[in-house]
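Following: one structure in structure tokens, then a few remarks.
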Amino acid sequence: MRPDLLRGVGAGLVAWVLFLPIGLKYPLLLILLGGAVWRLGAAGLLQLLRQDRPLQAALLFWLGCLVSAAWSPAPQKQIVNQLGQYSLLLFAPVLAHGLPRPWARRVLAHLCAACAVLGACVAWGTVFGMPWAGSGIWVTTFEADGNARILTSLLLAIGCALALDQALCSATPRARWAWGLAGLLALLGVVLQDRRSGMVVLPLLLGLLGWQRLPSLRLRLGFAAAFLAACTLAWQAAPGVRARFAEGLHELQHYQLDPTAPTSWGLRVLMIETSVSMIREKPLLGHGLASWQGEWFQRVPHTHYLLIENSTPHNDYLLVLAQGGVFGLALLLAWWWQVLRQAWRAGPGSHAALLVWAAMAAAGFFNVILRDGRFAVPLLMVAALAWAGRSGPQARPAA
């Protein structure tokens, strides 16, 4: 098999593995990480550590988590697990600077194509039914439960934004139409599936994309007005979307009537209230790494399986604040500042990276994106690939 064909097949496999079970994503991460380390070498890794501020900020956050383990009452196994999950933040810059730029761009193109195919399948299933239900990749995407299904929603939103970004920068009309169609199909998938995460993140990404692409303030303000109008029309034309958010608002209004049988949004309110109680007790340094679940069990009735099995507040920032206090949250926000600042200031070639990082930062308000490997592994790989595929010199990390 020719090397170019082999690289193309590998790029396609990487993109589709992002939609498969988590047991296949960890080996993929290790393979990509090994290749990136090999390309960088010892000198490149040392230079990266000296110059890349997101990597330095991630290391400080990880060390802060390690220190907070000293006063954590959590079992050692849970502490080690959380340290391992947060160490993924250290791997992302290595992947971003060590993976070949053309290959990274090819993987992102395959990801957009995969999102377009899945979006088309969702649209077909909505209109004509789903004869493929219960088999193949469908079981790990739209028929999956819990976080796996939420991940698919987020990947569809990211794929839509990346495809439209490619449409805007394509040189030929044929390419623009092809990328635009891919983005439209992925958008249909976001709107027609039943997870709210992608529905919330996608408008943010589209707004950010338009704001970044337009050259003047007048055009940006005009785009913002037109975008709000388009969102309003889409809201009116999509009864399924309205129904999902109306369901959530109803849960918020009535969850206190039966706290032993919490609903999705009602449970989130209960988690916020309980986490705030934890934070008030130890606001500066928190209760220690991996302590949230134990504190949760002490504060809620053990009368429903959702209460007993819940292990996080479904919010990255709230989790860090409860476990690491204001000090831990400051370290996390410092890392986010460096990541988003680097992507924002790097120029036009970094649009894709900015979109992925922005999606993760926003999704962290209603999911534990960094704490849960089912989110962190695939999304950090996509973010690293988007950063690896940017324009400009790749070998020199940003200062």
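What the table below lists for this structure:
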| item | result |
| --- | --- |
| Subset of region 1-41 that is closer than 14 Å to Leu108 by Cα and outside any helix (DSSP H, G or I) - its residue that is modelled with the lowest pLDDT | Phe19 |
| Region 185-219 - residue that is open to solvent by 60 Å² or more (accessible area, probe 1.4 Å) and at pLDDT below 75 and, of those, nearest to the chain's Cα centre (by Cα) | Arg213 |
| Residues being crowded, with 16+ Cβ neighbours inside 10 Å and under 26 Å from Trp335 (Cβ atoms) - total across region 1-34 | 8 |
| Verdict on Val368 being modelled with pLDDT under 95 and buried (at least 24 other Cβ atoms within 10 Å of the Cβ) | yes |
| Selected residue (only one of Gly389, Gly325 is at pLDDT below 95 and open to solvent by less than 40 Å² (accessible area, probe 1.4 Å)) | Gly389 |
| Options Ala358, Ala362; residue that is in contact (Cβ under 8 Å) with a residue 24 or more places away in the chain, under 19 Å from Leu164 (Cα atoms) and either part of a helix (DSSP H, G or I) or within 11 Å of the chain's Cα centre (by Cα) (or both) | Ala358 |
| Residue check, Ala362 touching a helix residue (DSSP H, G or I) at 6+ places or on another chain (Cβ under 9 Å), at pLDDT 90 or above and open to solvent by less than 10 Å² (accessible area, probe 1.4 Å) | no |
| Region 257-277: number of residues that are assigned to a helix (DSSP H, G or I), among the β-branched types (Val, Ile, Thr) and either touching a strand residue (DSSP E or B) at 6+ places or on another chain (Cβ under 9 Å) or at pLDDT below 75 (or both) | 0 |
| Pairs with Cβ under 7 Å, 6+ apart, first in region 45-69 and among the acidic types (Asp, Glu) and buried (at least 17 other Cβ atoms within 10 Å of the Cβ), second modelled with pLDDT under 95 and outside any helix (DSSP H, G or I) | Asp52/Pro397; Asp52/Ala398 |
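The values are calculated or read from the model by the stated rules, or taken from the named source; none is laboratory data. Note that the structure is a prediction, hence the values are computed from the model and not measured. Glycine gets a Cβ as well: all are built from the backbone with ideal geometry, and neighbour counts include every protein chain shown. Note: areas computed on protein heavy atoms with side chains; ligands, DNA, RNA excluded. Shrake-Rupley method; radii C 1.70, N 1.55, O 1.52, S 1.80 Å.
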